[in-house]
Amino acid sequence: MCDDEWSAAVTQAASSWSQMSDALELVVRDGGCSPRVNGDLTYIADAIHVVYGTCGSGCCGRANVEYSYRTNGQITRYASLVRIDPECFAGNNPEGKRYLACHELGHALGLGHNLRNSQSCLASYKGQLLPGADDVDVLDKKLYKGATHNGGSSYGQQPPQYTTPQYLPV
């Protein structure tokens, strides 16, 4: 991303998800500056690709996820594309950008909107910049059950139900 505030927002959001979860370790990688909106809508295997993009009227961001499955339901390929409209939270609004980055990364990780907990960035915007504790519980105890991290991709005795993305090109 070309805007330092958006890059910082994505980095901070990835760090928040990783710090709060026992199952995730998201690593942000610089994907270079591509200022053209909807210019690079590619999916990258085992990654969340964050780009400038539009998603329709009244929409600031969208996360799309692609999975490939084996017949037993095990996911063998994961890729996510997160579009962030650079016009949303334009100007000096780092909190709005952090909220949107946290919100869309939550969707990219497999979570829906959190209508039960207003203390979550997956709730409607109320200034929450962090994942909620119940969001992390769903990740750690359901979606990525049995997954752990310690400086890399290592898992407990049971492999995770979903493959966790290893990096986020921004």
Check your understanding: Given R₀ = 41 Å, FRET efficiency for T42-R70 by Cβ-Cβ distance, to 0.05?
Key -> 0.95
Check your understanding: Per-residue accessible area for K145 at 1.4 Å probe radius, Å² rounded to 10?
Key -> 130
Point to revise | Base-10 log of normalised Debye intensity for the stretch 84-132 (one unit scatterer per alpha-carbon) at q = 0.27, 0.29, 0.30 Å⁻¹ | key: -0.98, -1.08, -1.12
Study note, to complete from the structure: Note: probe point = Cα of K145 + 7 Å toward Cβ; backbone nitrogen < 19 Å; residues of the stretch 9-42 passing the test are 21-24
**Study point:** Hits among aspartates and glutamates - C-alpha to C-alpha of K97 under 13 Å, sequence gap 8 or more where chains match
**Key:** D3, D4, E5, D85, E87
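The values are calculated or read from the model by the stated rules, or taken from the named source; none is laboratory data. Worth saying up front: this structure is predicted, and the values here are computed from it rather than measured. Note that each Cβ is placed from the backbone with ideal geometry, even for glycine, and that neighbours are counted across all protein chains shown. In case anyone asks, the SASA skips ligands and DNA or RNA and just uses the protein heavy atoms, side chains included. Shrake-Rupley method; radii C 1.70, N 1.55, O 1.52, S 1.80 Å.
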